[in-house]
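One structure is given here, and the rest of the page talks about it.
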Amino acid sequence: MSRELIPFETDDLSALARALEGELARAGSGPVGHVVMLNMLARATGYRNFQHLRAQQEARGRLENPAPKTPAPPVDFRKVERLLRYLDEAGRLKRWPGKQSERVACLWVLWSRIAPRVVLSEPEINRALQEAHLFGDHALLRREMVDLGMMARTPDGREYRRIEQAPPPDAKALIRALALRTARTPA
């Protein structure tokens, strides 16, 4: 059993002594066991029992020292280079990638071009997706983006909106690389 340190403090030592005296009197004569003594000390300071004291201290520790944020996974820049091959100089998707992970990353690029917090009709989203790719299957792109949770649509399919979220690190790097590439391309 691991031993954890649980801080014990009191604002009034005299009140603690009186409360502990009452606890010992209720326990009767004879030796008091370890767990019974822990419960007595906890009750003397205002807790229901030792478990209550421990739970309060653990919660306090979590609030005062939140868990450190896990760092984002590193970007695979070789993958980003490969993904750039699927996009033309204007940033349009030339062909549908064969690997699911590559498809998802390319869809994030299309997602980034949809206006945030705007409701689009089906013809409007179709037009936006048609302009964003060259292989002629905007319905596939629309369906995949909805299935992956990048966009939401009403049950009747009349309205679409982009779901705001942070793209994964590789997709962010791809969007940045594409923006740099299109910025360098003369008009």
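Every read-out reported here was derived from the displayed coordinates using simple, explicitly stated rules and does not represent laboratory data. Here the structure is a predicted model, which is why all the values come from computation and not from measurement. Reconstructed Cβ throughout: ideal geometry from the backbone, glycine too, with neighbour counts over all protein chains shown.
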Original post:
Per the Debye formula with a single identical scatterer at each Cα and no solvent contribution, what log10 I(q)/I(0) holds for the chain at q = 0.11, 0.15, 0.17, 0.19 Å⁻¹?
Top reply: -0.62, -0.90, -1.08, -1.24
Original post:
Between region 115-187 and region 77-102, how many Å separate their Cα centres?
Top reply: 14 Å
Original post:
When we measure straight from the Cα of residue 99, which aspartates and glutamates land under 18 angstrom away, once same-chain ones fewer than 8 places off are left out?
Top reply: 76, 81, 137, 144, 147, 170
Original post:
Tell me, what ³J(HN,Hα) does each residue in region 143-156 have, in order and in whole Hz, if you take phi through Karplus 6.51 cos²θ - 1.76 cosθ + 1.60 with θ = phi - 60° and put x for Gly and Pro?
Top reply: 4, 4, 5, 5, 4, 8, x, 7, 9, 10, 9, 6, x, 7
Original post:
So, by mean Cβ neighbours within 10 angstrom, what's the order for 39-48, 20-29 with the highest one leading?
Top reply: 39-48, 20-29
Subject >> Ordering of 129-135, 5-11, 104-110 by burial proxy (mean other Cβ atoms within 10 Å per residue, highest first) >> reply: 104-110, 129-135, 5-11
Subject >> Gain on full stretching of the segment that runs from residue 10 to residue 166 - 0.36 nm per residue minus C-alpha separation >> reply: 51.5 nm
Subject >> Cα lying deepest toward the dipole's positive end in region 27-127, options 37, 27, 68, charges on Cβ >> reply: 68
Original post:
Taking the Cα atoms of region 77-184 alone, what are Rg (to one decimal) and Dmax (as a whole number) in Å?
Top reply: 13.2, 42
**OP:** Measure nothing fancy, just the Cα-based angle from helix 100-112's long axis to the longest principal axis of the chain, in degrees from 0 to 90, nearest 10.
**Re:** 80 degrees
